[in-house]
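Notes follow the structure.
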Amino acid sequence: MARNSIQSIIPLLTNKQDILLVHNTCTNLKDIYFIKRFDHRIHWCFCPNANLYIEHRLPKIELFIGQGYNITLGTDSLASNNKLCILSEMRTIQRKFPLISTAMLIEWGTRNGAKYLGIDDEKGTLEVGKTPGLNLITGLDGLMLTPESKVRKLV
């Protein structure tokens with residue numbers, strides 16, 4: 001039986017450390033269910049603007065929601081992206097997948113990233129004892145991001 005790259009490599013990885021799977025444009029529901037058979041600490045990272053820059057397509061992000069995995073956002077690098085801006089990544093996702101809420105995207109870009117990095121005890125959420133940065137997003141249409149949405153660092 002032929003296996004794709006995820007199905008070939010996942011059984012070889014350790015369950016003793018967090019694993020970040022990035023880009024995921026070829027990942028399908030069968031792959032997600034395959035990974036669930038293993039006791040691995042998997043995190044998914046989407047870099048939609050890099051996906052569009054490199055492959056002119058996006059992963060099927062809606063397949064990953066509700067599967068019990070931590071979803072994070074990234075930008076990749078300036079070699080495959082026009083700018084390193086998480087708000088821009090969020091805007092791209094919401095434009096292509098309008099049912100994904102701004103609240104969910106903010107969670108992916110803050111709390112979930114801190115969780116993967118192992119710094120969620122001090123960053124990622126506004127809680128007593130934590131020292132996260134604080135940003136203001138303006139230019140929303142209700143609770144939806146728009147092309148005019150901007151982010152400004154407050155703290």
All but one of (1) without any contact (Cβ under 8 Å) to a residue 12 or more places away in the chain; (2) in a helix (DSSP H, G or I) hold for residue 78; which doesn't? (2)
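Within the stretch 1-54, how many residues are assigned to a strand (DSSP E or B) and within 26 Å of residue 91 (Cα to Cα)?
First, pick out the residues of the stretch 1-54 that are assigned to a strand (DSSP E or B): 18-22, 41-46.
Imposing the further condition that a residue be within 26 Å of residue 91 (Cα to Cα) reduces the set to 19-22, 42-46.
Summing the residues that are assigned to a strand (DSSP E or B) and within 26 Å of residue 91 (Cα to Cα) in the stretch 1-54 gives 9.
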List pairs: first residue in the stretch 138-149 and under 12 Å from residue 102 (Cα atoms), second residue surrounded by fewer than 12 Cβ atoms within 10 Å (Cβ to Cβ) and β-branched (Val, Ile, Thr) anywhere in the structure, Cβ distance under 7 angstrom, at least six positions apart or on different chains. 149/138
Flag for residue 98 being part of a loop (DSSP other than H, G, I, E, B) and either of a type in the set (Gly, Ala, Ser) or at pLDDT below 95 (or both): no
Hey, among the residues in the stretch 45-97 that are β-branched (Val, Ile, Thr) and out of contact with any Leu (no Cβ under 8 Å at 6 or more places or on another chain), which one's surrounded by the most Cβ atoms within 10 Å (Cβ to Cβ)? 71
Conditions (1) under 30 Å from residue 16 (Cβ atoms); (2) touching a residue at least 24 places away in the same chain (Cβ under 8 Å): number failed by residue 110: (2)
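The values are calculated or read from the model by the stated rules, or taken from the named source; none is laboratory data. On a predicted model such as this, the values are computed, not experimentally measured, just so you know. Using ideal geometry, Cβ is built from the backbone for each residue, glycine included, and neighbour counts are taken over all protein chains shown.
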